[in-house]
Amino acid sequence: MQTAADLYRAAADARRYSHSPYSHFSVGAAIIAENAEGGRRVFTGCNVENASYGGAICAERTAAVKAVSEGYTRFTAVAVSGGYAGEDEQDDTFPCGICLQFLSEFASDDMTVTLRSGTYAFGELFPNAFRL
């Protein structure tokens, strides 16, 4: 079983691959996801910026898209690590609003969200997710 600390380390490791030449703020994310057969995997992602700022994608959505594209559509935990390129994370890096909404498609309110300082329930961070 993957612990919150293990998942956070995976997110921190994913920061190495960040492409953030504009903000210089690198973010890594790791998601524990399950598929319909009950299989579990960890998917990681990093933020990828683009000169056309709207074309950028956050680390959380990168990891989520990787998971969903391989049939893993139930998320049970996510960890996020961020900081300025070349530096250790000094503060919590919370998922942005777009990422919270995106994750809500695949997460329950009790999915854990691990940051540098601790773990939250997804519903604490995003209590009014738009869901159909």
### Message
For a quick check of your reading of the model, give me the residue pairs whose first member lies in the range 118-132 and is under 15 Å from Gln101 (Cβ atoms), whose second is in a loop (DSSP other than H, G, I, E, B), with beta-carbon atoms closer than 9 Å and at least 6 apart or on different chains.
### Response
Phe122/Ala129; Gly123/Ala129; Leu125/Phe94; Leu125/Pro95; Phe126/Pro95; Ala129/Glu105; Arg131/Glu105
### Query
Across the range 1-34, which residue is farthest from the chain's Cα centre (by Cα) among those that are of a type in the set (A, V, I, L, M) and loosely packed, with under 15 Cβ neighbours inside 10 Å?
Met1
### Query
Could we say that Glu37 is loosely packed, with under 13 Cβ neighbours inside 10 Å, of a type in the set (D, E, K, R), farther than 15 Å from Thr112 by Cβ and modelled with pLDDT of 95 or more here?
yes
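Looking at Gly71, Gly82 in this structure, which one is at positive phi and touching a strand residue (DSSP E or B) at 6+ places or on another chain (Cβ under 9 Å)?
On the way: Gly82 fails: at positive phi.
Only one candidate qualifies: Gly71.
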### Query
In the range 72-86, what residues are touching a residue at least 12 places away in the same chain (Cβ under 8 Å), farther than 21 Å from Leu132 by Cβ and surrounded by fewer than 16 Cβ atoms within 10 Å (Cβ to Cβ)?
Tyr84, Ala85
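Name the residue, out of Glu60, Glu89, that is surrounded by 17 or more Cβ atoms within 10 Å (Cβ to Cβ), closer than 23 Å to Gln2 by Cα, under 10 Å from the mean Cα position of the chain (by Cα) and among the charged types (D, E, K, R).
Glu60
The values are calculated or read from the model by the stated rules, or taken from the named source; none is laboratory data. As the structure is a computational prediction, the values presented were derived from the model and not from experiment. Heads up, the Cβs are rebuilt from the backbone with ideal geometry, glycines too, and the neighbour counts pull from every protein chain shown.
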